[in-house]
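The values are calculated or read from the model by the stated rules, or taken from the named source; none is laboratory data. Everything numeric here is computed off the predicted structure, so don't read it as measured data. Methodologically, a virtual Cβ is constructed for each residue, glycine included, from the backbone with ideal geometry; neighbour enumeration extends over all protein chains shown. Keep in mind that these areas ignore ligands, DNA and RNA; they rest on the heavy atoms of the full protein, side chains included. Shrake-Rupley method; radii C 1.70, N 1.55, O 1.52, S 1.80 Å.
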Amino acid sequence: MVPSTTVSVAVNIDGTLYGAKDARISVFDHGYLFGEGVYEVVRTYGTRIFLYPEHMRRLRASADRIALTCPVDDEVMLGRIRETLAAAALDGDAYVRILLTRGVGEIVYDPSACPSPSVVVIVKPHADPPASALADGVRLALADIVRNHPGSVDPAIKSNNLLNNALAMQQAYREGAFEALMKNHRGELCECAQSNIFFVRNGVLLTPPASAGLLVGITRAFVLDLAAGIGVPVEECVLREDDLASVDEAFITSTTREIVPVVTIGSHTIGGGRPGPVTQSLIAAFTAAIPNHLS
Ligand code: PMP
């Protein structure tokens, strides 16, 4: 049973429910020892999960890339998520973090030391970005730290190794920025520490290609489809800091933030320093499309 004092946060570890205070993982889990694990964040609208099949597909793809197999199928995972949601007894929308780690074993890198992966589901209240972020747009820090080289820990793996992202965010916090935009090893604009980046130039929606070495966001793909649906031309292309002078609009996308307009990046003001019309149209199209993608 989840004690009533912890309701609004609930955790499922390998099929058993816990309250926030009692949720514990072994220090011998390779997720803790080596950061060996992958994860997803899904959100709900009310009790229904947005883009669930897409997130599970990416979870399995991430796991494959570190030679890890998810021990539960999508139905069982959905059941665990629903139980955890029920235990959390939230009033509003939920943030759901699904973690899959190598599991508990000897302190050696050999995957065969860990017979069973650990599967954790954390449910807590979802928080929308502040209304001012949507109305006025946000500022991004231009991170000094370079996004992981895809030949090293590939950013396409949604990995529990988040040090690269955390270090970029430390700069954003120092600078009072909402997010940190990162460049890749070639100096191209790549993605943010926790979201993907988009620009609009001359009516065309631009975003760095997967080959820039980024996490192919579920929201990114959703927004690219929405744009095509409302007749906004889309181009995945290499973008550099120099391009910031000529773009008309910018926004970021992620599961928890949907679309947030960006008006400043480092020392660059984007467009007129106000959220632009293409961004606004995509936000409206996003909101309208949500009910068609709930599980
Ligand atoms: N890039 C990074 C590094 C992220 O952490 C996230 C958040 N998951 C995203 C992009 C956006 O991905 P999604 O739209 O799937 O949430």
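A few notes on this one:
- Listed by position, the strands (runs of 3 or more DSSP E) enclosed by region 203-278 that each have at least 2 residues that are open to solvent by 50 Å² or more (accessible area, probe 1.4 Å) are 234-236.
- Yes/no for SER62 being of a type in the set (S, T, N, Q), outside any strand (DSSP E or B) and under 22 Å from the mean Cα position of the chain (by Cα): yes
- Complete set of residues in region 199-246 that are within 22 Å of HIS268 (Cα to Cα) and among the basic types (Lys, Arg): ARG201, ARG240
- Cβ-Cβ contacts under 9 Å between residues 6 or more apart (or on different chains), taken from a first residue in region 180-198 that is free of Cβ contacts under 8 Å to residues at least 24 places away in the same chain and within 10 Å of the ligand (Cβ to nearest atom) to a second residue that is open to solvent by 10 Å² or more (accessible area, probe 1.4 Å) and of a type in the set (D, E, K, R), are absent.
- The lone criterion from (1) closer than 12 Å to VAL120 by Cα; (2) part of a loop (DSSP other than H, G, I, E, B); (3) in contact with a Lys or Arg (Cβ under 8 Å, 6 or more places away or on another chain) left unmet by LEU68 is number (1).
- Looking only at region 54-73, residues that are open to solvent by 30 Å² or more (accessible area, probe 1.4 Å), away from the ligand (no atom under 13 Å from the Cβ) and not polar (S, T, N, Q) come to 7 in all.
- Tally, over region 164-179, of residues that are surrounded by fewer than 16 Cβ atoms within 10 Å (Cβ to Cβ) and either acidic (Asp, Glu) or within 12 Å of the ligand (Cβ to nearest atom) (or both): 2
- For region 110-126, filtered to residues that are closer than 18 Å to TYR18 by Cβ and under 18 Å from the mean Cα position of the chain (by Cα), the residue that is surrounded by the fewest Cβ atoms within 10 Å (Cβ to Cβ) is PRO125.
- If you go through region 74-107 and keep only what is open to solvent by less than 20 Å² (accessible area, probe 1.4 Å) and assigned to a loop (DSSP other than H, G, I, E, B), you end up with ARG102, GLY103, GLY105.
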